[in-house]
Amino acid sequence: MKSNKLSKLGTTLKANKKKIIVIVSMIALLVATGCLNYFLNVKQQGTDNNPGQGDVSTPTFFATYRTDREATRNQEIAYLDEIINSATSTETAIASAESQKLAITGAMETELVLEGLIKAKGFEDCIVTISTENVNVVVMDEDLSLEDAAQILNIVVTETEFTAPDVVIIPYV
């Protein structure tokens, strides 16, 4: 009887160790990606200060944000996949993970559509983030007029279930 309990305990500990190793590895990869991104940006800025090196531009706020958002979401999806595929996960945990994964992919698709529609209105660049409570739109425009803000608001309200008070529009210079 005791050996059976010890065997189950050993199996549980092994499964937990695997999860911990996966999580620690993913965190290490995230840190390594951030460091690499930082050092490449520093190197890029050093190249930009040297005339005659060609036209190499530094990443913009928008490009950097998109890269960071994609890395974070990929990590979130990997965590959820780990829960979904784990033999020790409960049915409730699996259902919750699948629901969260669907919500993330739905938000990703809606953000992409909104960004495309806003750019189609003549804005140079923008970032849209959707949470459960609101939509944030950061748009590249130093002189954002009320008409421009109204166009953006109309796009967001038309394409989503959010109402005007749930939309935050932020001009970025």
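Numbers below:
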{"quantity": "Hey, residue 89 polar (S, T, N, Q), under 30 Å from residue 18 (Cβ atoms) and surrounded by 15 or more Cβ atoms within 10 Å (Cβ to Cβ) or not", "calculated": "yes"}
{"quantity": "Test: residue 118 is among the aliphatic types (A, V, I, L, M), at pLDDT below 95 and farther than 16 Å from residue 161 by Cα", "calculated": "no"}
{"quantity": "Given (1) over 30 Å from residue 21 (Cβ atoms); (2) without any contact (Cβ under 8 Å) to a residue 40 or more places away in the chain; (3) in a helix (DSSP H, G or I); (4) open to solvent by 70 Å² or more (accessible area, probe 1.4 Å), index of the condition residue 65 fails", "calculated": "(2)"}
{"quantity": "Lone qualifier among 167, 128, 157 - being modelled with pLDDT of 95 or more and closer than 30 Å to residue 81 by Cβ", "calculated": "128"}
{"quantity": "Residues satisfying the stated conditions in the stretch 115-161, i.e. over 17 Å from residue 63 (Cα atoms), over 20 Å from the mean Cα position of the chain (by Cα) and in a loop (DSSP other than H, G, I, E, B)", "calculated": "121, 122, 142, 143, 144, 145, 161"}
{"quantity": "Condition met for residue 110 (at pLDDT 90 or above and in contact with a Ser or Thr (Cβ under 7 Å, 6 or more places away or on another chain))", "calculated": "yes"}
{"quantity": "Candidates 138, 157 - the one that is open to solvent by less than 40 Å² (accessible area, probe 1.4 Å), of a type in the set (Val, Ile, Thr) and over 30 Å from residue 19 (Cα atoms)", "calculated": "138"}
{"quantity": "Lone unmet requirement of (1) over 30 Å from residue 155 (Cβ atoms); (2) surrounded by 16 or more Cβ atoms within 10 Å (Cβ to Cβ) for residue 114", "calculated": "(1)"}
{"quantity": "Residue count, the stretch 94-104 (criterion: open to solvent by 60 Å² or more (accessible area, probe 1.4 Å) and either of a type in the set (S, T, N, Q) or under 12 Å from the mean Cα position of the chain (by Cα) (or both))", "calculated": "2"}
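The values are calculated or read from the model by the stated rules, or taken from the named source; none is laboratory data. Being a predicted model, the structure only gives us computed values, none of them experimental. Positions of Cβ are generated from backbone atoms using ideal geometry, with glycine treated the same way; all protein chains shown enter the neighbour counts. Keep in mind that these areas ignore ligands, DNA and RNA; they rest on the heavy atoms of the full protein, side chains included. Shrake-Rupley method; radii C 1.70, N 1.55, O 1.52, S 1.80 Å.
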